[in-house]
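Asker: Dropping the structure in here first, questions after.
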Amino acid sequence: MTAAQVAVAPEATARRSPRRVLPGFGLTLGYTLFYLSVIVLIPLSALFLRTFSLTLEQFWVAVTSPRVMASYRLTFGASLFAAVVNLVFGLLVAWVLVRYKFPGKKIVDALVDLPFALPTAVAGISLTALLAGNGWLGQYLEPMGIKLAFTPAGVVIALIFIGLPFVVRTVQPVLEDAEKELEEAATSLGATRLQIFTKVILPHILPALMTGFAMAFARAIGEYGSVIFIAGNMPMVSEITPLIIIGKLEQYDYAGATAVAVVMLVISFVLLLVINALQAWQRRRTGSVS
Amino acid sequence: MSGGATRVVRRAKAGTTEAAWVRYLLIGITLVFLFLFLVLPLAAVFTEALRKGVGAYFEALKEPDAWSAIKLTLIATAIAVPLNLVFGICAAWAIAKFEFRGKAFLTTLVDLPFSVSPVVAGLMYVLVFGANGWFGPWLQAHDLKVIFAVPGIVLATVFVTFPFIARELIPLMQAQGNDEEQAAIVLGATGWQTFWRVTLPNIKWGLLYGVILTNARAMGEFGAVSVVSGHIRGQTNTLPLHVEILYNEYQSVAAFAVASLLAILAVVTLIIKSVAEWRQEREQRAAAELPPERPTPVSTSSSASAG
């Protein structure tokens, strides 16, 4: 069973770095690349190559038709709104979990991961049931004229739910590692608590905060399951971009679906690069502080 | 004298925490926010499912379509999770234990499926394996079905849960370094022995969490699976798709009954995750409290340089 490993590893070790003691580099990297290609890279390239069946003009028309443009506005607007809410409340939740003691803290901490573990379709129907006219919350909100289910506001609610853990889970460890000595020093130099927060703590956690924000935003843009139940899915009003793709697929408009999908893909690539840059910034920042 | 000491302590504390009313206010806002966004939706699933009593609840779960959806979900998960487990360990071993050119790029590629919309993921596989996709004609000629059949569902599930185990293991293995493994190899252990007896015990809690999260996401995936499944009732319906169908047919109790199975899965996942985290913390604390003269191979180099 180790034959392949032994055959590959020493050779690779000798060629690339004389200090490499551990075996298995060739085997594990080879398998990683193979699996990555089969599952991710080849299907992705299929998507990009498929767009070449369209002329540039057809592509442009497909990705800029009024209904599609309305869906971009909703998807990006709602995702941005939800990510900002998650930024504020995520920081608050992380702060309370790290700095304060209260009964049931461990349960609250565990519960924060619920949106990662609860299937999106379940979240979708459950939020809809809560906010619909006869739901627990909807029955009080609708008489006040606040209608959330089946409107763009419902989309924002679902996306807040989906993105909730990201900011908390990126900020929490950085906040835990933050040195209290700095705050003590700032206090002894006469800073108020608010000054300390904005000038000592916030700069330290800013990269993590932005990373969590970008992750919540990226996740929200692609989200489908939780949104379609609560959105009402009215064209031009509450129809998200992933639903446009599904609609085109159901009409066998593969080229049109692919064109819109490529636009979404390019945006997720850009966001992925932004997240990577933010994480590198965070490593530099925390590395230089400690 | 003692009064002065408490005043000093109080002032030092005031420097690193807020006034009591600020603390209670922040805790209060947090708890209300989390109650509205997490506790209420979870509670709503179960109350809606039991709205017409326990009898109706179990009646909905006994339905043959529900059973075939459960079976299909279990099959897809049972294939997808081990595949991603092997990949996750391989990728983490290569990325965390070795230095090579393009490592940062490879890490980004591993993260890629995380940022791709599930709907786009499903569409990709339709374009490769669908009737007028790359391999479509060949598959049809050999009477094989991938899209609108079980293999497509498995592929879509594998894609959306692709990075979870690797993402969990890479930082963990990087933080632990190579010293223990190198010592084992130098003392004559084979690569497999080193992995099973040195690396695996060190990463077991992180690995467990990665697997359990992958499992939950695999069972609950909706968007990607919905594109490739074709929604054939009793044949290519997974649990989340079955929830959607029942819900759209206004069978609210049945929809929430099936959804409650997935919600129970989510709660169990969170419990296992928390237990794994607590155990890991306790083991790390215990390891840190070991007397320094204990003759473990690590303490010679890593702890000396860390101090």
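Asker: Which residue fluctuates the most in chain A, going by a Gaussian network model with Cα springs under 10 Å, if the choices are A:198, A:32, A:55?
Answerer: Largest GNM mean-square fluctuation: A:32.
Asker: Follow-up. Going by accessible area, probe 1.4 Å, with all protein chains left in place, what is the ranking of A:188, A:79, largest first?
Answerer: In descending accessible area the options line up as A:188, A:79.
Asker: Evaluate peptide B:93-99: per residue, the Cβ atoms of other protein chains within 10 Å of its Cβ; return the mean as an integer.
Answerer: The shielding value for this peptide is 6.
Asker: Over the whole of B:252-265, what's the average partner chain Cβ count within 10 Å per residue? Rounded to a whole number, please.
Answerer: If you average over the peptide's residues, the count of other-chain Cβ atoms is 3.
Asker: Roughly speaking, what is the centre-to-centre gap between segment A:57-106 and segment B:55-97 when only Cα atoms are used, to the nearest Å?
Answerer: Here the two parts' Cα centres lie 28 Å apart.
Asker: Between the helical axis of B:297-306 and the dominant principal axis of chain B, each derived from Cα atoms, what acute angle in degrees is found, rounded to the nearest 10?
Answerer: 70 degrees
Asker: Quick one, what does Rg over Rh come out to for chain A if you take C-alpha atoms and the Kirkwood Rh?
Answerer: Taking Rh as the inverse mean 1/r over Cα pairs, Rg/Rh reads 1.06.
Asker: Right, another one. Evaluate E = 1/(1 + (r/R0)^6) for residue A:37 and residue B:190, where r is the Cβ-Cβ distance and R0 equals 25 Å; express this FRET efficiency to the nearest 0.05.
Answerer: The computed FRET efficiency comes out at 0.30.
Asker: Roughly how many nanometres apart are two label points built 7 Å out from the Cα toward the Cβ at residue A:206 and residue A:283?
Answerer: 2.1 nm
Asker: Rounded to whole Å and ordered largest first, report the semi-axes of the equivalent ellipsoid of segment A:128-206 derived from its Cα gyration tensor (root of 5λ).
Answerer: Ellipsoid semi-axes (Å, largest first): 42, 15, 9.
Asker: Average partner chain C-beta neighbours within 10 Å, per residue of B:234-245?
Answerer: The per-residue average across the peptide is 2.
Asker: Turning to a different aspect of this structure: Given q = 0.21 Å⁻¹, what are the Debye log10 I(q)/I(0) values for segment A:52-175, with equal point scatterers placed on the Cα positions and solvent ignored?
Answerer: -1.18
Asker: Sticking with this structure for a sec: Ratio of segment B:1-160's C-alpha Rg to 2.2 N^0.38 Å, to two decimals?
Answerer: Normalised Cα radius of gyration, segment B:1-160: 1.78.
Asker: Sort out for me the Cα centre separation of segment A:123-144 from segment B:164-197, rounded to whole Å.
Answerer: Cα centres, segment A:123-144 to segment B:164-197: 51 Å.
Asker: Next question, about the same structure. For segment B:131-194, evaluate the Debye formula with one uniform point scatterer on each Cα (no solvent term) and list log10 I(q)/I(0) at q = 0.12, 0.17, 0.26 Å⁻¹, rounded to two decimals.
Answerer: Listed by q, the Debye log ratios stand at -0.60, -0.72, -1.06.
Asker: At 222 nm, what value in deg cm²/dmol follows for chain A if DSSP H runs of at least 4 each add -39500 (n - 2.57) and the sum is divided by all its residues, to the nearest 500?
Answerer: Mean residue ellipticity at 222 nm (helix-derived): -24000 deg cm²/dmol.
Asker: Relative to the longest principal axis of chain B, what angle (0 to 90°, nearest 10) does the C-alpha long axis of helix B:40-49 take?
Answerer: Roughly 40 degrees, rounded to the nearest 10.
Asker: What translational D, rounded to a whole number of µm²/s, comes out for segment B:177-234 from Stokes-Einstein when the hydrodynamic radius is the Kirkwood one over Cα pairs, at 25 °C and 0.890 mPa s?
Answerer: 169 µm²/s
Asker: Of A:156, A:93, A:122, which has the largest mean-square fluctuation in a 10 Å C-alpha GNM of chain A?
Answerer: Taking springs between Cα atoms under 10 Å, the residue moving most is A:122.
Asker: Here is a follow-up. Could you size up the charge dipole of chain A around its Cα centre, putting +1 on the beta carbon of Lys and Arg and -1 on that of Asp and Glu, and report it in debye to the nearest 20?
Answerer: 620 debye
Asker: Among B:165, B:264, B:70, what's the order by accessible area (1.4 angstrom probe), most exposed first?
Answerer: B:264, B:70, B:165
Asker: Follow-up. By the scheme Lys and Arg +1, Asp and Glu -1, what is the net charge of all other residues having a beta-carbon under 11 Å from that of residue B:64?
Answerer: +1
Asker: Can you tell which of B:247, B:29, B:92 lies farthest toward the positive end of the dipole of chain B, using +1 and -1 charges on the Cβ of basic and acidic side chains (Lys, Arg; Asp, Glu)?
Answerer: Farthest towards the positive end: B:29.
Asker: Over chain B, what is the mean sequence separation of C-alpha contacts under 8 Å (at least six apart), divided by residue count, expressed as relative contact order in percent?
Answerer: 27 percent
Asker: Then there is this: Hull surface divided by four, with the convex hull built on the Cα atoms of the protein assembly as shown: how many nm²?
Answerer: Spelled out: convex hull of the Cα atoms, projected over all directions, averaged, 33.0 nm².
Asker: Given the pairs B:103/B:145; A:105/A:180; A:248/B:103; A:106/A:180, which span a C-alpha to C-alpha distance of over 28 angstrom in this model?
Answerer: Among B:103/B:145; A:105/A:180; A:248/B:103; A:106/A:180, the Cα-Cα distance tops 28 Å for B:103/B:145; A:248/B:103.
Asker: Now, a different point. Quick one: Cα convex hull volume of segment B:89-177, Å³ per residue?
Answerer: About 114 Å³ per residue, rounded to a whole number.
Asker: What is the helix-to-structure angle for B:64-97, meaning the angle in degrees between its Cα long axis and the longest Cα principal axis of chain B, kept from 0 to 90 and rounded to the nearest 10?
Answerer: That works out to roughly 40 degrees.
Asker: Sticking with this structure for a sec: Protein chains only, probe 1.4 Å: how do A:80, A:47 rank by accessible area, largest first?
Answerer: From most accessible down to least: A:80, A:47.
Asker: Dipole of segment A:178-290 (Lys/Arg Cβ +1, Asp/Glu Cβ -1, origin at the Cα centre): which of A:272, A:224, A:191 lies farthest to the positive side?
Answerer: A:191
Asker: Right, next: Who wins for biggest fluctuation among A:266, A:155, A:174 in a Gaussian network model of chain A, springs between alpha carbons below 10 Å?
Answerer: A:266
Asker: Rounded to whole Å and ordered largest first, report the semi-axes of the equivalent ellipsoid of chain B derived from its Cα gyration tensor (root of 5λ).
Answerer: Ellipsoid semi-axes (Å, largest first): 43, 33, 17.
Asker: So what's segment A:142-290 giving for Rg/Rh, alpha carbon basis, Kirkwood Rh from the mean inverse pair distance?
Answerer: Looking at segment A:142-290, the ratio lands at 1.14.
Asker: With a length cut of 18 Å (Cα positions projected on each helix's long axis) and a Kyte-Doolittle mean of at least -0.5, go through chain A and give me the DSSP H helices that pass.
Answerer: A:3-16, A:66-99, A:152-177, A:202-222, A:254-289
Asker: Evaluate the distance, in nm, between pseudo-label points positioned 7 Å from the Cα of residue A:273 and of residue B:271 along their respective Cα→Cβ axes.
Answerer: For residue A:273 paired with residue B:271, the spin-label model returns 4.6 nm.
Asker: Roughly how big is the protein assembly as shown's charge dipole about its Cα centre, with Cβ charges of +1 (Lys, Arg) and -1 (Asp, Glu), in debye to the nearest 20?
Answerer: Here the protein assembly as shown has a charge dipole of around 1200 debye.
Asker: As a check on your grasp of the helix formula, calculate [θ] at 222 nm for chain B: sum -39500 (n - 2.57) over DSSP H runs of n ≥ 4, divide by the residue count, round to the nearest 500.
Answerer: Here the helix-only value at 222 nm equals -24500 deg cm²/dmol.
Asker: Here's another thing I want to ask about it. With viscosity set to 1.002 mPa s at 20 °C, what whole-number translational diffusion coefficient in µm²/s follows for segment A:43-122 from Stokes-Einstein and a Kirkwood radius over Cα pairs?
Answerer: 126 µm²/s
Asker: Still on this structure, I have one more. Which translational diffusion coefficient, to the nearest whole µm²/s, is obtained for segment A:193-250 from the Stokes-Einstein equation, given a Kirkwood hydrodynamic radius over C-alpha pairs, 10 °C and 1.306 mPa s?
Answerer: 112 µm²/s
Asker: Ignoring ligands and nucleic acids, what accessible area does residue A:281 show with a 1.4 Å probe (Å², nearest 10)?
Answerer: 80 Å²
The values are calculated or read from the model by the stated rules, or taken from the named source; none is laboratory data. The model shown is predicted, which means the values in this text are computed figures rather than measured ones. Don't worry about glycine lacking a Cβ; one is built from the backbone with ideal geometry, like all the others, and counts go over all protein chains shown. Side chains are part of the model used for accessible areas, which takes the heavy atoms of the whole protein and leaves out ligands, DNA and RNA. Shrake-Rupley method; radii C 1.70, N 1.55, O 1.52, S 1.80 Å.
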